[in-house]
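Reviewing the structure listed below.
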């Protein structure tokens, strides 16, 4: 499971890096303290992918699931964005817990 998740993450990061000549370093974030508003306002749309992918893997691991379903991932990230729009002061981890777990 860990190797599959790591491989998918590397592939995702490489695909973002390939689109730009010089890939930039993304900041370290603590989803347990970062609010929804901070995340959506301070993270450019083109940089959100790796963070959202990490959240998907984090909650997939909690459910002991080795499956990555792109449609499910897209639906969950949209649900996260919708939740954060309504609750901007909740932490990203709180919002993700409510939207990524069934």
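Each value in this text was obtained by applying a stated rule to the coordinates, not by laboratory testing. This is a predicted model, so every value here is computed, not measured. Cβ sites come from the backbone with ideal geometry, for glycine too, and all protein chains shown count toward neighbours.
Key figures for this structure:
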{"item": "Selection status of residue 93, out of contact with any strand residue (DSSP E or B) (no Cβ under 6 Å at 6 or more places or on another chain), in contact (Cβ under 8 Å) with a residue 24 or more places away in the chain and farther than 24 Å from residue 24 by Cα", "result": "yes"}
{"item": "Positions within the stretch 33-53 being farther than 16 Å from residue 79 by Cβ, surrounded by 15 or more Cβ atoms within 10 Å (Cβ to Cβ) and out of contact with any strand residue (DSSP E or B) (no Cβ under 7 Å at 6 or more places or on another chain), in sequence order", "result": "37, 38, 43, 49"}
{"item": "Filtered residues of the stretch 65-81 (kept if loosely packed, with under 14 Cβ neighbours inside 10 Å and in contact (Cβ under 8 Å) with a residue 12 or more places away in the chain)", "result": "66"}
{"item": "Qualifying positions in the stretch 31-70 - within 12 Å of the chain's Cα centre (by Cα) and part of a loop (DSSP other than H, G, I, E, B)", "result": "31, 43"}
